[in-house]
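Let me begin by presenting the structure, written as structure tokens, before commenting on it.
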Amino acid sequence: MLPRLRQTLQSLKRTATISKAQAIKNLSTQIKKEDAPTEKLDCVVIGAGVVGIVIARELASKGREVLVLESASTFGTGTSSRNSEVIHAGIYYPPDSLKALFCVRGRELLYRYCYEHGVPCKQIGKLIVATGPLEISKLNELMNRGTQNGVDNLKMLEGFEAMKMEPELQCKKALLSPVSGIVDSHSLMLSLVGEAENNGTTFSYNSTVIGGHLEGNCLHLYIVESKDLENWNGDYPLHPELVLVPKLVVNSAGLSSLALAKRFHGLNNGIIPPGFFARGCYFTLSSTKVPPFEHLIYPIPEDGGLGVHVTLDLDGQLKFGPDVEWIDGIDDVSSFLNKYDYSVSASRAERFYPEIRKYYPNLKDGSLQPGYSGIRPKVSGPQQSPIDFVIQGEDIHGVPGLVNLFGIESPGLTARLWM
């Protein structure tokens, strides 16, 4: 599709002297595009997370010529692989919201897709638990909301009924969601990438989109090789190594989608929502041959997330998480290259024990081991009400052929086949 892509993705550096901090802050003004070769093409999808892959697959199946640009060395290295791998029912989200509509329909399509394509998944069910009397009213609200959203077979259980199902559980009441489940997210993405490629999609890894500009109602994208961006120290202007002029651009860059949109010169920044990042850690349960739970166990949702919950993977490994840690101070280059701090400190477990023991009192000291972490791209911050998925087309920003996807967090993995 792009015969000159390999040849034109080369370094075109020029020398100048500026501070690195100032260069990163003013990255867009440091871009010099005069010498970059230009290619016209049909569709570009930015980001090879699960959402970008599905969009590419769908476009290619309709006969569109699609190029997926991904800054990492392979697909799904960001939020798509750093989550709970849960197939959500659609309980938590306001009725008629995109999250509710996409999640309920997406769940049905996801199970069907997995069964038809041999992607490992399991419908194990979920218990959302009230551990104190003050939480029971919130549990009732979730029951009503889930019913409004069209979630099937929800059932309110008394505490003894839930604890009969899960003997290690402690709760006053529980909401049973039989249709919730788990999926192998890597196998899912691998299958979807294969389908996209079979339909003619080209995936260009290690290729970072660092900005663009509007010219004649067309968005021109600036592309560099990721290794050159990693090696860039701010001491010289940053040159795009290629300029792409697509008919359709889908900005599904996940954690960097907001930062990237702000670097599309000519796009009204006033329509770009503020961005927030919620980091969440997971801990695994050690020295346990048989997992203490067979269902997903969720507490009442908290600010910024769904609470420190119990999930199982398809090998039976039990994990707890994620917690919520609001982070900031991420510069654009680090965002483009997914250079976030994903380390999990063992000391953070001390915050997990009291939260988990509210519903699992037999959790032993020293049994939690650091697992992994992920970061949720949000468009609402601490103490703010959650905001729906943000999908912006020409009707909102006025740019033909541009679709921006912002705040695609949970339940994005479940919802993606219907987005």
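The values are calculated or read from the model by the stated rules, or taken from the named source; none is laboratory data. The shown structure was predicted, so the numbers you read here are calculated from the model rather than taken from an experiment. All Cβ positions, even for glycine, are placed from backbone atoms using ideal geometry, and neighbour counts span all protein chains on display. For the accessible areas, the whole protein counts, side chains as well, though only heavy atoms, and no ligand, DNA or RNA atoms are used. Shrake-Rupley method; radii C 1.70, N 1.55, O 1.52, S 1.80 Å.
Compute the angle between helix 136-148 and the longest alpha-carbon principal axis of the chain, please, reported from 0 to 90 degrees and rounded to the nearest 10.
So the inclination is approximately 60 degrees.
Tell me, how many Å apart are the Cα centres for region 127-169 and for region 268-289?
25 Å
Using Cα centres only, tell me the gap between region 56-104 and region 386-405 in whole Å.
Centre-to-centre distance over Cα atoms comes out at 16 Å.
Which percent of the accessible area of the chain is formed by carbon and sulfur heavy atoms (probe 1.4 angstrom)?
Roughly 48 percent, rounded to a whole number.
So which residue, out of THR208, THR147, THR311, gets the largest mean-square fluctuation from a GNM of the chain using Cα contacts under 10 Å as springs?
Its mean-square fluctuation being the largest, the pick is THR147.
Is there a quick way to get the dipole size of the chain? I mean about its Cα centre, with the Cβ of Lys and Arg at +1 and of Asp and Glu at -1; what is the value in debye to the nearest 20?
Its charge dipole is roughly 120 debye.
To the nearest 10 square angstrom, what accessible area does VAL403 show with a 1.4 Å probe?
Spelled out: VAL403, probe radius 1.4 Å, area about 40 Å².
Determine the order of VAL324, VAL310 by accessible area, beginning with the largest, at a probe radius of 1.4 Å.
VAL324, VAL310
How many nm is it between the label spots at GLN383 and ALA346, if each spot is 7 Å from the Cα in line with the beta carbon?
Placing both labels 7 Å beyond Cα along the Cβ direction yields 3.6 nm.
Quote the relative contact order of region 268-342 in percent (integer), defining contacts as alpha-carbon pairs under 8 Å separated by 6+ residues.
Answer for region 268-342 is 34 percent.
If you add up the charges near ARG357, with Lys and Arg at +1 and Asp and Glu at -1, over every other residue whose beta carbon is less than 14 angstrom from its beta carbon, what do you get?
-1
For MET143, what is the net charge nearby, where nearby means another residue's Cβ is under 12 Å from its Cβ and Lys, Arg count +1, Asp, Glu -1?
Charge balance in the 12 Å sphere: +3.
Per residue, what accessible area does the chain have, given a 1.4 Å probe and all protein chains present, in Å²?
Heavy-atom accessible area per residue stands at 43 Å².
Let me check against my output: what whole-number percent is the relative contact order of region 43-186, with C-alpha pairs under 8 Å and at least 6 apart?
Worked out over region 43-186, it gives 26 percent.
Hey, what number do you get for the chain at 222 nm if only DSSP H runs of n ≥ 4 count, each worth -39500 (n - 2.57), divided across all residues, to the nearest 500?
-7500 deg cm²/dmol
Determine the alpha carbon to alpha carbon distance for each of LYS289/LYS319; LYS122/LYS172; LYS62/LYS262; LYS138/LYS289; LYS227/LYS319 and list only those over 24 Å.
Among LYS289/LYS319; LYS122/LYS172; LYS62/LYS262; LYS138/LYS289; LYS227/LYS319, the Cα-Cα distance tops 24 Å for LYS122/LYS172; LYS62/LYS262; LYS138/LYS289; LYS227/LYS319.
Can you give the net charge of the other residues whose Cβ lies under 14 Å from the Cβ of PRO274, counting K and R as +1 and D and E as -1?
So the surrounding residues net to +1.
With a 10 Å radius around each residue's Cβ, average the other Cβ atoms per peptide and rank 47-56, 136-145, highest first.
47-56, 136-145
Would you please give the residues with an amide H less than 5 Å from that of GLU39, counting only those at least 5 places away or on a separate chain, with H modeled from the backbone geometry?
Under 5 Å from the amide H of GLU39: VAL243, LEU244, VAL245.
Using a 4.7 Å Cβ cut-off, which Cys residues in the chain lack a partner cysteine?
CYS43, CYS103, CYS171, CYS218, CYS281
List the residues whose amide H sits under 5 Å from the amide H of ILE87, counting only those 5 or more places along or on another chain, with H placed 1.01 Å from N in the peptide plane.
GLY181, ILE182, VAL183
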